[in-house]
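Heads up: the structure comes next, in C-alpha cells.
The values are calculated or read from the model by the stated rules, or taken from the named source; none is laboratory data. Just so we're clear, the structure is a prediction, and the values are computed from it rather than from any experiment. In this analysis, Cβ positions are derived from the backbone assuming ideal geometry, glycine residues included, and neighbour counts consider all displayed protein chains. Note: accessible area is taken over every heavy atom of the protein model, side chains too, but ligands, DNA and RNA are not part of it. Shrake-Rupley method; radii C 1.70, N 1.55, O 1.52, S 1.80 Å.
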Amino acid sequence: PVSYACTDLQRYIGQITGKVPASESLSKWERSHKPAIVIMDKKTFSQYLSPEEPVGELGEEGFAIKKIVKNGKESILLYAETPLGKVNAIYGLLKELGCEFRLGSEYVPSSLSAGLSDSLLIRKPAFSTRGVLPWYNFFNSPTSWDPVDHRAFIDQLIRSGANTLTFHTYDTEPFGGYEE
C-alpha cells in the first residue's frame, strides 16, 4: 500500500507541476541539495523538530508532516508509525496541498500555490472505522461494476481516508447464493 501511495504521490505532483518527482532513498536525500518529500522513521524525523514540537504517539493511522529548509531548499517530511499511517500521510499531504478526494470524483489543483503550513502538522483520524456500505440492489451499484470499477472504488476510498468497505446483500444477491 505504501508503494502504491508513493506512486500516486509522484503522479499527482507531476500532474500539478508538470514534472514527475524522482524517488530516492533517505540516505541519498540527506546527501543531496534537492527539495524532496521524504518518508522517515521517528528517530530521523525527530532530528528535524524543535524541542517545542513534540510528536507524541500517532497510533496506527496518525501521521505528522513538517516543512523544512535544508541547504536552502524546501523539503517536506512525513512520519507515521505504521504502513497504514504512511499511506494516510501521503494522501494527507496531497489534501494539504489542495487535492480533494471524493468517492465519485477528485479535484487536483492547477498549481501548488496554496503551499503548506510552516508549523508541524499532526493528524489522527477522529473515528477508528471510516467507510461505506454499498448495496447491490440499485442499477448503479456494485451489481453493474466490472473489476476495474471495483479497483477504482477501493482506491478512491483509500485516498479519501476510509478504512472499511462492507457490501450489503440479501439472501438472493451475489454473496448470498451459498449455504456456507
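Of the residues that make up segment 135-150, is at least one of a type outside the set (Val, Ile, Thr) and in contact with a Cys (Cβ under 9 Å, 6 or more places away or on another chain)? Within segment 135-150, not a single residue is of a type outside the set (Val, Ile, Thr) and in contact with a Cys (Cβ under 9 Å, 6 or more places away or on another chain). For segment 56-76, the set of residues classified as more than 11 Å from ARG123 (Cα to Cα), touching a Pro at 6+ places or on another chain (Cβ under 8 Å) and either among the basic types (Lys, Arg) or open to solvent by less than 30 Å² (accessible area, probe 1.4 Å) (or both) consists of LYS73, SER75, listed by residue number.
Within segment 20-39, if we keep just the residues that are among the polar types (S, T, N, Q) and farther than 20 Å from LYS67 by Cβ, the residue that is modelled with the highest pLDDT turns out to be SER27.
Please pick out the residue among SER32, SER3, SER46 that is small (Gly, Ala, Ser) and farther than 20 Å from GLY85 by Cβ. Selected residue: SER32, the only one of SER32, SER3, SER46 that is small (Gly, Ala, Ser) and farther than 20 Å from GLY85 by Cβ.
A count restricted to segment 88-120 and to residues that are hydrophobic (A, V, I, L, M, F, W, C) and buried (at least 17 other Cβ atoms within 10 Å of the Cβ) stands at 8.
If the condition is being more than 28 Å from LEU157 (Cβ to Cβ) and not in a loop (DSSP other than H, G, I, E, B), then segment 16-43 contributes LEU26, SER27, LYS28, TRP29, GLU30, ARG31, LYS43. Annotation note: of LYS42, LYS28, the sole residue that is free of Cβ contacts under 8 Å to residues at least 24 places away in the same chain and surrounded by fewer than 16 Cβ atoms within 10 Å (Cβ to Cβ) is LYS28.
So that you can scan it fast, the table gives a plain yes or no per residue for (1) assigned to a strand (DSSP E or B); (2) within 11 Å of the chain's Cα centre (by Cα); (3) at pLDDT 90 or above:
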position: CYS6; (1), (2), (3): no, yes, yes
position: GLY14; (1), (2), (3): no, no, yes
position: PHE45; (1), (2), (3): no, no, yes
position: PRO51; (1), (2), (3): no, no, no
position: GLY56; (1), (2), (3): no, no, no
position: LYS67; (1), (2), (3): yes, no, yes
position: ILE76; (1), (2), (3): yes, no, yes
position: LYS95; (1), (2), (3): no, yes, yes
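In segment 112-130, the residues that are closer than 16 Å to GLY59 by Cα form Cβ pairs under 6 Å with partners that are of a type in the set (Asp, Glu) and part of a loop (DSSP other than H, G, I, E, B), at six or more places apart or across chains, as follows: PRO125/GLU61.
Taking segment 133-167 as the range and being surrounded by 14 or more Cβ atoms within 10 Å (Cβ to Cβ) and assigned to a strand (DSSP E or B) as the test, only LEU165 passes.
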